[in-house]
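Asks: Just dropping this structure here.
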Amino acid sequence: MSEWTRDEMMTIAAARRLWNGCVCFVGIGLPSAACNLARLTHAPDIVLVYESGTLGTRPDVLPLSIGDGELADTAACVVPLPEIFAYFLQAGRVDVGFLGAAQVDRHGNLNSTVIGPYDAPSTRLPGAGGATEIAAHARQTFVVIKATRRSLVERLDFRTSAGFLEGRGARARTTMRGGGPRAVITDFGVLTPEDGSDELVLSELYPGATEEEARAAVGWPLRLAPVIERIAAPTPAELEALRALHARTRAAHAQPVRLPLT
Amino acid sequence: MSGVGKVVSLGEAVARHVADGMTVALEGFTHLIPFAAAHEILRQRRRELHLVRMTPDLVYDQMIGMGCARRLTFSWGGNPGVGSAHRLRDAIEHGWPLPLEIDEHTHAGVAAAYCAGAARLPFGLLRGYLGTDLVQVNPRIRSVECPYTGERIATVPALNPDVTFLHAQRADRRGNVEIVGILGAQREAGLAAKALVVTVEELVDELPPAMNGIVLPHWVVSAVALCPGGAYPSYVQGRYGRDNAFYQRWDAVSRDRGTFRSWMERHVLGAPDHASFLASLGASA
């Protein structure tokens, strides 16, 4: 198998953290690719939940939007959206929530709302969607984010979704029932929260990535876990499954739509 | 409401149920988005609307970009899987074509507000908005103390749109509506509204009994309009697929104010109805 890209490594590293049978609340983009890759490789019985109301879906191609017909066609059942949030997420029936964001801070708090002041933004982002309650209620969350000094930041412009708040047990003192972020998967490796401080520290590196690269990409003084693990390179089977999934998806999304009108 | 006269043209439904300044919801979560209704509201030049929708994607990008909204209640605004809703962004960032007041929530919050509205309760409640700055910027998000446990629970004011528009597969001549597939918060948004207008792919004399099928019964439906292809470029389960390529192309169309305006003038305002809109895109068979 040919060389791999960091994007592929991120997706594969995220997929490997999911276990067979886990109930996973899936967002669009890289989280959706990672969850379906897990389903197609080591976790065939993973339960994928999308906020559009599709439970136990097994899409053949990745959805472009969170409510694509592909998700309904292959779901075990489809329920109204208010039920997804109230009866499944808020009730504590989700093991893993997968979140992306524009910014993450050293305690795993996320911004997907705005860059600049809220009332006079330099960049208006899409907003919370399901993220705030996923961050609060999923038993644990994984965050995927491409690393730049503008994305891994000392201070968020806006806190859309809670990680560990100010750290040192602040989250545990709230009424949030989910455990918060267990991993921030980025394009040099993985950050995980340190016990006690709740601060994200470097704990895993991809093949070829360095501590220096990680420090340069993080906007706060990055500390290292006592042991830095070296993540295994993608296997040929993982790469093949991921590339085939993306190829099927590209072909499907380029298909012209014809309306059945007379 | 009697079934007599409930089936009308879309133009008549908009003329009768939408007035300037009203609170209007168009729902459908990726699926069954009532584009035809949005376009008819634009053709009839309604102004100063308070638009409500969980996901103001392309349909509200078009409405906001054409200047028919003064306020927006929402929880996620973008072009899903593609990027920004450029016209929404331009309105918030630069006040173009008009300043837009925003009432911003989370999906769980809007869902709770629709459920409360449907039940005619004054507010919805949820274990939500925890640890988010949204509560600092939106004074409508508040909390109550649980009278049994003392826990603080977040509240959102009920949403009761003056009119909600939905799109569905089928209706019968009395106005019963059948919906199949991803529902989003359509049913709640419909039942929360003071008037409910539904566009459908097909009108039948009588719908078959549907034990657990989602049927909006005729006496909660104000008007039904036959509008084949009415969700395009969104999709209708069992009828036609989502035109993902259109959503991807929209990024370039909507990025520039002038390109956007001329596209809308040519394809929407320049077309007398939805069939002509589809024909102008070559989307019709």
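Asks: What number of residues within the stretch A:180-229 are in a loop (DSSP other than H, G, I, E, B) and among the polar types (S, T, N, Q)?
Replies: Here is the first cut: in the stretch A:180-229, the residues in a loop (DSSP other than H, G, I, E, B) are A:180, A:186-188, A:194-199, A:206-210, A:218-223.
Still in the list and also among the polar types (S, T, N, Q): A:186, A:197, A:210.
The total comes to 3.
Asks: Now for a different question. Examine the stretch B:90-99 for a residue that is among the aromatic types (Phe, Trp, Tyr), surrounded by fewer than 19 Cβ atoms within 10 Å (Cβ to Cβ), in a loop (DSSP other than H, G, I, E, B) and within 14 Å of chain A (Cβ to nearest Cβ), and state whether such a residue exists. Even if it seems obvious, please write down each step before you answer.
Replies: First, pick out the residues of the stretch B:90-99 that are among the aromatic types (Phe, Trp, Tyr): B:96.
If we keep only those that are surrounded by fewer than 19 Cβ atoms within 10 Å (Cβ to Cβ) as well, we get B:96.
Filter once more, so that each one left must be in a loop (DSSP other than H, G, I, E, B): B:96.
After this cut, where a residue has to be within 14 Å of chain A (Cβ to nearest Cβ) as well, the list is B:96.
Within the stretch B:90-99, one or more residues are among the aromatic types (Phe, Trp, Tyr), surrounded by fewer than 19 Cβ atoms within 10 Å (Cβ to Cβ), in a loop (DSSP other than H, G, I, E, B) and within 14 Å of chain A (Cβ to nearest Cβ).
Asks: Might you check whether a residue that is surrounded by fewer than 24 Cβ atoms within 10 Å (Cβ to Cβ) and either acidic (Asp, Glu) or not in a helix (DSSP H, G or I) (or both) occurs anywhere in the stretch B:50-62?
Replies: The answer is yes, given that some residue of the stretch B:50-62 is surrounded by fewer than 24 Cβ atoms within 10 Å (Cβ to Cβ) and either acidic (Asp, Glu) or not in a helix (DSSP H, G or I) (or both).
Asks: Could you list all residues from the stretch A:209-262 that are away from chain B (no Cβ under 14 Å) and in contact with a Gly (Cβ under 6 Å, 6 or more places away or on another chain)?
Replies: Initial filter on the stretch A:209-262 (away from chain B (no Cβ under 14 Å)): A:209-245, A:247.
Of everything in the stretch A:209-262, just one residue is away from chain B (no Cβ under 14 Å) and in contact with a Gly (Cβ under 6 Å, 6 or more places away or on another chain), namely A:Ala209.
Asks: While we're here: Count, please, the residues in the stretch A:62-89 that happen to be aliphatic (A, V, I, L, M), over 19 Å from B:Ala185 (Cα atoms) and surrounded by fewer than 18 Cβ atoms within 10 Å (Cβ to Cβ). Outline the logic, then answer.
Replies: Restricting attention to the stretch A:62-89, the residues satisfying the condition of being aliphatic (A, V, I, L, M) are A:62, A:64, A:66, A:71-72, A:75-76, A:78-79, A:81, A:84, A:86, A:89.
Checking which are over 19 Å from B:Ala185 (Cα atoms) leaves us with A:62, A:64, A:76.
Remaining after also requiring surrounded by fewer than 18 Cβ atoms within 10 Å (Cβ to Cβ): A:76.
Residues meeting the conditions: 1.
Asks: Considering the stretch A:113-124 alone, what residues qualify as being surrounded by 17 or more Cβ atoms within 10 Å (Cβ to Cβ) and facing chain B (nearest Cβ under 8 Å)? Reasoning before the result, please.
Replies: Initial filter on the stretch A:113-124 (surrounded by 17 or more Cβ atoms within 10 Å (Cβ to Cβ)): A:113-114, A:118, A:121, A:124.
Listed by number, the residues that qualify are A:Thr113, A:Tyr118, A:Pro121, A:Arg124.
Asks: Those residues that are assigned to a helix (DSSP H, G or I), in contact (Cβ under 8 Å) with a residue 24 or more places away in the chain and surrounded by fewer than 17 Cβ atoms within 10 Å (Cβ to Cβ), I need them from the stretch B:236-260; list them, please.
Replies: Correct list: B:Gln248, B:Asp251, B:Arg255, B:Arg257.
Asks: Follow-up. Could you tell me whether B:Ala85 is more than 13 Å from chain A (Cβ to nearest Cβ), crowded, with 23+ Cβ neighbours inside 10 Å and modelled with pLDDT of 95 or more?
Replies: Numbers: more than 13 Å from chain A (Cβ to nearest Cβ): no; crowded, with 23+ Cβ neighbours inside 10 Å: yes; modelled with pLDDT of 95 or more: yes.
When the stated conditions are applied, B:Ala85 does not pass them.
Asks: Filter the stretch A:43-97 for residues that are part of a helix (DSSP H, G or I) and touching a strand residue (DSSP E or B) at 6+ places or on another chain (Cβ under 6 Å); which is farthest from the other protein chains (Cβ to nearest Cβ)? Can you show your working first?
Replies: The initial filter retains those residues of the stretch A:43-97 that are part of a helix (DSSP H, G or I), namely A:69-73, A:81-90.
Now drop any that are not touching a strand residue (DSSP E or B) at 6+ places or on another chain (Cβ under 6 Å), which leaves A:69, A:71-72.
Working: A:Gly69: 6, A:Leu71: 7, A:Ala72: 5 Å.
Selected residue: A:Leu71.
Asks: Every residue in the stretch A:184-216 that is hydrophobic (A, V, I, L, M, F, W, C) and in contact with a Leu (Cβ under 7 Å, 6 or more places away or on another chain), please.
Replies: A:Val184, A:Phe188, A:Leu191, A:Leu200, A:Val201, A:Leu202, A:Ala214
Asks: Can you name every residue in the stretch B:105-150 that is surrounded by fewer than 24 Cβ atoms within 10 Å (Cβ to Cβ), at the interface with another protein chain (Cβ under 10 Å from one of its Cβ atoms) and either in a strand (DSSP E or B) or at pLDDT below 95 (or both)?
Replies: The answer is B:Leu126, and nothing else.
Asks: If you don't mind, there's one more thing I want to ask. Can you name the condition, by its number, that A:Arg39 falls short on among (1) among the charged types (D, E, K, R); (2) surrounded by fewer than 24 Cβ atoms within 10 Å (Cβ to Cβ); (3) outside any helix (DSSP H, G or I)?
Replies: (3)
Asks: Does any residue of the stretch B:178-193 turn out to be farther than 30 Å from B:Gly131 by Cβ and among the β-branched types (Val, Ile, Thr)?
Replies: Yes, the stretch B:178-193 has at least one match.
Asks: Okay, moving on. Going by what's in this entry, would A:Phe142 be described as in a helix (DSSP H, G or I), under 21 Å from the mean Cα position of the chain (by Cα) and either among the basic types (Lys, Arg) or at pLDDT 95 or above (or both)? I'd like the intermediate steps shown before the answer.
Replies: Working: in a helix (DSSP H, G or I): no; under 21 Å from the mean Cα position of the chain (by Cα): yes; either among the basic types (Lys, Arg) or at pLDDT 95 or above (or both): yes.
It is false that A:Phe142 is in a helix (DSSP H, G or I), under 21 Å from the mean Cα position of the chain (by Cα) and either among the basic types (Lys, Arg) or at pLDDT 95 or above (or both).
The values are calculated or read from the model by the stated rules, or taken from the named source; none is laboratory data. Keep in mind the model is a prediction, meaning the values are calculated, not measured. Cβ: placed from backbone, ideal geometry, glycine included. Neighbour counts: every protein chain shown.
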